[in-house]
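See structure below.
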Amino acid sequence: MASLRISGVSVAFGGNRALDGVGLSAEPGRVTGLIGPNGAGKSTLFDVASGLRRPSSGQVFLDGRDVTRTSPAGRARRGLARTFQRLELFGRLTVRDNLLVAAELGPDRRRAHHAVTETLTRLGLTHLADSPPDALPTGVGRLVEVGRAMVIRPKVLLLDEPAAGQDSEETERFAALLRSLTDDGTAVVLVEHDMSLVMGVCDEVYVLDLGKVIASGPPEVIRNDETVLAAYLGD
Ligand code: ADP
Ligand code: MG
């Protein structure tokens, strides 16, 4: 069963249809890519999945349960975590406290401190635990943002352009981190513009254009899909 299933989701902003009947499934232990030009609706789909925006139609299921009307906090307790394209860190708290705030929202608050220590180790951020994100480079801030999502040991992890602003070495380390998350059985959904990262780590890729899924399939198929190329090249 898919950990996350989105079915027939539509969202409009005034007359602008940001999402128009979108469906997507994310499976445990797999990275599902979500790509598409700017304004395609990728971040809005994450808002719908995480409960920050109610769709005008359609449903969201977590582990088969309909959570369309469940609050963001309720979805976090059910194992859904996300990052934001624009970093949503507390700039002047420490890195450790940024993670701790997130850990307290997860399903197992009693092990919050332990989970924070473990996540910092896994991300190689232990030496920066007492620094505030405001004092760190953007690439590191992105990792802290990912850490905030990872710390609840999510079943479903939505990552919105997590590698933006990372150099190639950071991106490579990030790809390894993604693989270790899927080894744990996490269902990862990755929004990313870096095509070599997407094609390298994703098991399946969905292409969104003007609020609609125009293609989905394995990366090697998507890469050669003419509809996809046309959407990117502004046919
Ligand atoms: P992407 O993440 O793929 O770049 P978005 O989901 O951010 O796309 O945006 C999809 C469409 O919805 C765009 O046309 C964008 O301008 C519009 N949009 C997104 N958020 C809002 C909002 N809060 N109010 C009005 N329009 C929005
Ligand atoms: Mg976006």
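Selection within segment 185-202: residues that are assigned to a loop (DSSP other than H, G, I, E, B) and either modelled with pLDDT of 95 or more or touching a Gly at 6+ places or on another chain (Cβ under 8 Å) (or both). The member of this set that is nearest to ligand 2 (Cβ to nearest atom) is 192. When we screen 158, 128 for residues that are crowded, with 17+ Cβ neighbours inside 10 Å and either without any contact (Cβ under 8 Å) to a residue 40 or more places away in the chain or more than 16 Å from ligand 1 (Cβ to nearest atom) (or both), the only hit is 128. Cβ separations smaller than 7 Å between residues 6+ apart or across chains give the following pairs from segment 36-51 residues that are at pLDDT 95 or above and hydroxyl-bearing (Ser, Thr, Tyr) to residues that are open to solvent by 10 Å² or more (accessible area, probe 1.4 Å) and within 8 Å of ligand 2 (Cβ to nearest atom): 43/85. Taking segment 52-70 as the range and being open to solvent by less than 50 Å² (accessible area, probe 1.4 Å), part of a loop (DSSP other than H, G, I, E, B) and more than 23 Å from residue 29 (Cα to Cα) as the test, the residues that pass are 55, 68, 70. Filtering segment 37-59 to residues that are of a type outside the set (S, T, N, Q) and farther than 14 Å from residue 19 by Cα leaves 51, 52. For segment 6-43, a residue qualifies if it is within 12 Å of ligand 2 (Cβ to nearest atom) and under 14 Å from the mean Cα position of the chain (by Cα), and the qualifying residues are 34, 35, 41, 42, 43. If we scan segment 59-79, do we find a residue that is within 16 Å of residue 212 (Cα to Cα) and not hydrophobic (A, V, I, L, M, F, W, C)? Yes - at least one qualifying residue is present in segment 59-79. State whether one or more residues within segment 10-28 are in a loop (DSSP other than H, G, I, E, B), farther than 15 Å from residue 157 by Cα and in contact with an Asp or Glu (Cβ under 7 Å, 6 or more places away or on another chain). No, segment 10-28 has no match at all. The residue list 149, 102, 73, 115 contains one member that is part of a helix (DSSP H, G or I), open to solvent by less than 60 Å² (accessible area, probe 1.4 Å), modelled with pLDDT of 90 or more and in contact with a strand residue (DSSP E or B) (Cβ under 7 Å, 6 or more places away or on another chain), which is 149.
The values are calculated or read from the model by the stated rules, or taken from the named source; none is laboratory data. All values reported here derive from a predicted model rather than from experimental measurement. When we count neighbours, we look across all protein chains shown, and the Cβ atoms used for this are built from the backbone with ideal geometry, even at glycine. Accessible surface areas use protein heavy atoms only, side chains included; no ligands, DNA or RNA. Shrake-Rupley method; radii C 1.70, N 1.55, O 1.52, S 1.80 Å.
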